[in-house]
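The values are calculated or read from the model by the stated rules, or taken from the named source; none is laboratory data. From a predicted model like this one, the values you see are computed outputs, not experimental measurements. Counting neighbours? That spans all protein chains shown, and the Cβs are built from the backbone with ideal geometry, glycine included. For the accessible areas, the whole protein counts, side chains as well, though only heavy atoms, and no ligand, DNA or RNA atoms are used. Shrake-Rupley method; radii C 1.70, N 1.55, O 1.52, S 1.80 Å.
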Amino acid sequence: MSQLPDHPDFMTADSGELIDGHLIDGQYADRPQLRPILDAVLALLPALGPATVQARKTIISLVCPRRTFAVVRATTKDRVDLGLRLDDAEPGGRLQSAKNIGSGGATVRVALRRPEDVDDEVRDLMRRAYDENTAPLAPRRPARRPGAVAGTITVVIEGSELPGRTCRPEPGGPGHENIYVALGGKSGDRAALTMSNKPGMAIEPVPGDAPAARWEMPVTVRRDDDGFDFAGPFVRGVRDDRHLGLIWGDLQGDGMMHVFRGAKLRLVDVDPGLIERALRPGHQLVARIRLTDARGNPICARVHPPYLTWSFAPALTQ
C-alpha cells in the first residue's frame with residue numbers, strides 16, 4: 001500500500017476511524033497502474049490545509065473543515081475521476097459533468113489517465129475547491145421583490161454550423177446517433193418533445209444536420225436597483241444567472257428525447273444598452289450562436305463569444 005502524505009494537519013479517517021487500507025487497495029486491485037494517480041492527488045493535500053481522507057468501498061472523499069470538497073474514483077480500467085465541488089463551475093475544457101461520480105456533492109470532474117495529468121491546473125482547481133468549501137456560508141439575503149415591468153422583448157435565437165446527427169463527446173463514452181437540438185422551457189402551444197430523463201419540454205426540435213435553426217420567444221423584462229431582470233416560460237436560472245437554454249438529445253424510437261447536454265445563453269450577460277434598444281417598439285434582441293464547438297461536438301455549457309453574439313434589430317414584419 002502506498003504511503004499517504006505525512007503532515008500534522010492531514011488525517012486519514014472513515015467516520016472518525018483510521019482508514020482500513022484494504023478499502024483503498026480494493027479499489028485499485030484490478031487496476032494497479034492507476035494507483036500512482038491517486039497518490040499524486042493525495043500529495044496535493046498538505047499544501048491546502050487541514051483535510052480528512054474518508055475511504056468507502058468504491059470512492060474516496062476529501063473533506064475540508066466544513067464539508068467534502070473533492071472525491072476520487074477509479075471509474076474505469078484506464079481512468080481516475082477527480083470530482084470537485086465548485087458551485088459556479090460549468091463543464092468546459094478539462095472540466096466535465098460530474099453526473100457519473102454521484103457522491104460528495106461534486107459538480108464537475110477532471111479525467112486523470114496518468115500521474116502527469118495531476119498538473120498545475122489540477123492543483124489550482126483543488127485549491128479553489130478547498131477554499132470555496134472551507135469558507136463560511138454567506139448570510140442569506142432576504143427575498144428580493146420583483147422589479148417593475150419595463151416591457152416585453154422578442155428574443156430570436158439564430159443557430160448556425162450544426163454538428164450533424166452523430167457525435168461522441170467523450171472518448172470512450174457513449175455515442176449519439178439521432179441528435180436534435182431544441183429550446184428548453186414550458187409552452188403548450190408549440191411543437192415539442194417530452195424528455196425521457198428530464199422535466200420540461202424540448203420545444204421546436206431541429207435535427208442536428210439541419211443547415212440552420214431558429215427560435216423566437218417573448219421575454220418579460222423587469223427593472224430594479226440592480227438593473228434588468230428577466231422572466232417568462234423560456235427563462236431559466238436564479239436572479240444572477242437568468243438564461244435561455246438549448247437542449248441536445250437523441251430522438252428515440254418512442255418519440256421522446258433523451259437529453260445528453262445543454263447550452264446556456266445568459267441574458268444577464270447582455271449589454272443593458274442592447275436591452276434598452278430591444279424594448280423599443282418594432283425591435284427585437286437577436287442571439288447568433290454557432291452550434292458546434294471547437295472539437296466538432298454540440299456546443300454546451302455557458303456559451304461565450306465568438307460562439308455567441310447579441311445584437312438588436314428591427315422586428316420582421318409578417
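Taking into account only those residues within the range 268-318 that are farther than 19 Å from Gly164 by Cα and among the polar types (S, T, N, Q), which is surrounded by the most Cβ atoms within 10 Å (Cβ to Cβ)?
That would be Gln284.
Within the bounds of the range 228-245, is there any residue that is within 27 Å of Asp87 (Cα to Cα), modelled with pLDDT under 95, assigned to a strand (DSSP E or B) and of a type outside the set (A, V, I, L, M, F, W, C)?
Yes, the range 228-245 contains at least one residue that is within 27 Å of Asp87 (Cα to Cα), modelled with pLDDT under 95, assigned to a strand (DSSP E or B) and of a type outside the set (A, V, I, L, M, F, W, C).
Quick one: what pairs do we get from the range 210-227, first residue of a type in the set (A, V, I, L, M), second assigned to a loop (DSSP other than H, G, I, E, B), C-beta under 6 Å, 6+ apart or different chains?
Between residues of the range 210-227 that are of a type in the set (A, V, I, L, M) and residues that are assigned to a loop (DSSP other than H, G, I, E, B), the close pairs are Ala210/Leu162; Met217/Phe234; Val219/Gly232.
Would you mind stating whether Glu216 is farther than 22 Å from His258 by Cα, acidic (Asp, Glu) and modelled with pLDDT of 95 or more?
yes
Among the residues of the range 58-67, is there at least one that is in a loop (DSSP other than H, G, I, E, B) and free of Cβ contacts under 8 Å to residues at least 60 places away in the same chain?
Looking through the range 58-67, at least one residue is in a loop (DSSP other than H, G, I, E, B) and free of Cβ contacts under 8 Å to residues at least 60 places away in the same chain.
In the list Val181, Val156, which residue meets the criterion of being open to solvent by less than 50 Å² (accessible area, probe 1.4 Å) and in contact with an Asp or Glu (Cβ under 9 Å, 6 or more places away or on another chain)?
Just one listed residue meets the conditions, Val156.
All but one of (1) open to solvent by less than 70 Å² (accessible area, probe 1.4 Å); (2) in a loop (DSSP other than H, G, I, E, B) hold for Pro146; state the number of the condition that does not hold.
That leaves (1) as the condition not met.
Pick from the range 196-230 the residues that are touching a strand residue (DSSP E or B) at 6+ places or on another chain (Cβ under 9 Å) and among the small types (Gly, Ala, Ser): which of them is nearest to Thr154 (Cα to Cα)?
My answer is Ala213.
Which condition from (1) over 21 Å from Asp209 (Cα atoms); (2) among the acidic types (Asp, Glu); (3) surrounded by 15 or more Cβ atoms within 10 Å (Cβ to Cβ) is the one that Asp240 breaks?
If we test Asp240 against (1) over 21 Å from Asp209 (Cα atoms); (2) among the acidic types (Asp, Glu); (3) surrounded by 15 or more Cβ atoms within 10 Å (Cβ to Cβ), just (3) comes out false.
Of the conditions (1) touching a residue at least 40 places away in the same chain (Cβ under 8 Å); (2) under 30 Å from Thr52 (Cβ atoms); (3) not aromatic (Phe, Trp, Tyr), Glu121 satisfies every one except a single condition; which number is it?
(1)
Out of Pro174, Pro199, Pro211, Pro163, which single residue is surrounded by 15 or more Cβ atoms within 10 Å (Cβ to Cβ) and in a loop (DSSP other than H, G, I, E, B)?
Residue meeting the stated conditions: Pro163.
Using the structure shown, decide if Asp250 is in contact (Cβ under 8 Å) with a residue 12 or more places away in the chain, more than 21 Å from the chain's Cα centre (by Cα), surrounded by 18 or more Cβ atoms within 10 Å (Cβ to Cβ) and not in a loop (DSSP other than H, G, I, E, B).
No.
Here is a list: Val181, Val156. Which entry is in contact with a strand residue (DSSP E or B) (Cβ under 6 Å, 6 or more places away or on another chain) and within 27 Å of Ser97 (Cα to Cα)?
Val181
Looking at Asp87, Asp81, which is the one that is under 29 Å from Ala294 (Cβ atoms) and surrounded by fewer than 19 Cβ atoms within 10 Å (Cβ to Cβ)?
Being under 29 Å from Ala294 (Cβ atoms) and surrounded by fewer than 19 Cβ atoms within 10 Å (Cβ to Cβ) holds for just one of Asp87, Asp81, which is Asp87.
Quick check on the range 67-88: of everything there that is charged (D, E, K, R) and modelled with pLDDT of 90 or more, which residue is nearest to the chain's Cα centre (by Cα)?
Once the filter is applied, the top-ranked residue is Arg85.
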